[in-house]
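Data block below; observations after.
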Amino acid sequence: MSINNQAAFDLALLHLLNQGHRCVSSSGRSLMRAPRGGKSAIGALIPDRLYVNSMEGKTAQQLLTANGPGFDQLREHWSGVTPSLLTELQDLHDRTGECLPSMFRDIVLAGGQRIARMFRLSTRMIQLWSAYRKLSGPRLPWRPAPVAPVVIENAVTGAWRNPANDGVSANHAGPTQPEPVTQLQPVAQIQPVTPTPPVAQIQPVAPTQPVAQAQPATQTQPVAQAQPVAQPQPITPPKSVIPPESVTKPAATAAEMHLTSTRNHSEATLEQLRLLEALFRPRNSGA
């Protein structure tokens, strides 16, 4: 049964996207199929019943022209595929290089879009793969852990028995003695918690005493006036020395000084009278 261009494009692209890496040997040479199950873009288009080891190391053009067992059937299987499409798919695989799986898939998606435009193919399958890629995987249902059988005591015989052994057939080799069950130790009583003593109330802070006002400074006592220095007593001349007679002013000179002071006082009094008369004159004339 032969395939066409669309089927070959979808099979090769989906295989590379799911694989996430190239199919190469330890030396880096591209392989159709790796020992651990990896495949190249062309290797994914070769059915398992037609694959032979002699196909390794050949290009798509060489596979179409080679002779030998399996090659004739392979050409018949690829009869509906354009040879240039096979070459583009193999180049997309070989030129990706060594990279992380996420980057490898991005390169394959970009190359697939280019090849689809070249040969006018549909990209519906790789778009669906991109959509399913973002979905989370299946989740296993939650199952509770199996419960261990409970050993109970038979109230009639006083022996211990296991409910899991109740379904044992009667033709058993012999009665199985129950395993001794260790008795549970009584749980120590919980000591009551001693109540914590109440917290002592905080005593109110005593108000601070007002600061005493500063007493006014006492006035300094006035400094006592210095006592006048006693005038030295005149030295009494000896009797042998005759003191000079004091010069007395003539009486006429003292009389002239008294007359002058009286004249000056009279002139000041007359001047004051004239000023008062000048002040009251307009009032008297108006009246």
Based on what the data block shows, is residue 56 over 19 Å from residue 14 (Cβ atoms) and in contact (Cβ under 8 Å) with a residue 24 or more places away in the chain?
-> yes
How many residues of the range 37-84 are under 57 Å from the mean Cα position of the chain (by Cα), assigned to a loop (DSSP other than H, G, I, E, B) and either more than 28 Å from residue 105 (Cα to Cα) or hydrophobic (A, V, I, L, M, F, W, C) (or both)? The answer is 3
Taking the range 111-126 and the residues there that are of a type outside the set (Gly, Ala, Ser) and outside any helix (DSSP H, G or I), the one that is farthest from residue 84 (Cα to Cα) would be 123
With the first residue restricted to the range 79-99 and required to be of a type in the set (S, T, N, Q), and the second required to be outside any loop (DSSP other than H, G, I, E, B) and surrounded by 15 or more Cβ atoms within 10 Å (Cβ to Cβ), Cβ contacts under 6 Å at 6 or more apart or on different chains are 82/5; 87/60; 90/60; 96/104; 96/107
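Throughout, read-outs are computed from the coordinates displayed, never taken from laboratory work. Keep in mind the model is a prediction, meaning the values are calculated, not measured. Counting neighbours? That spans all protein chains shown, and the Cβs are built from the backbone with ideal geometry, glycine included.
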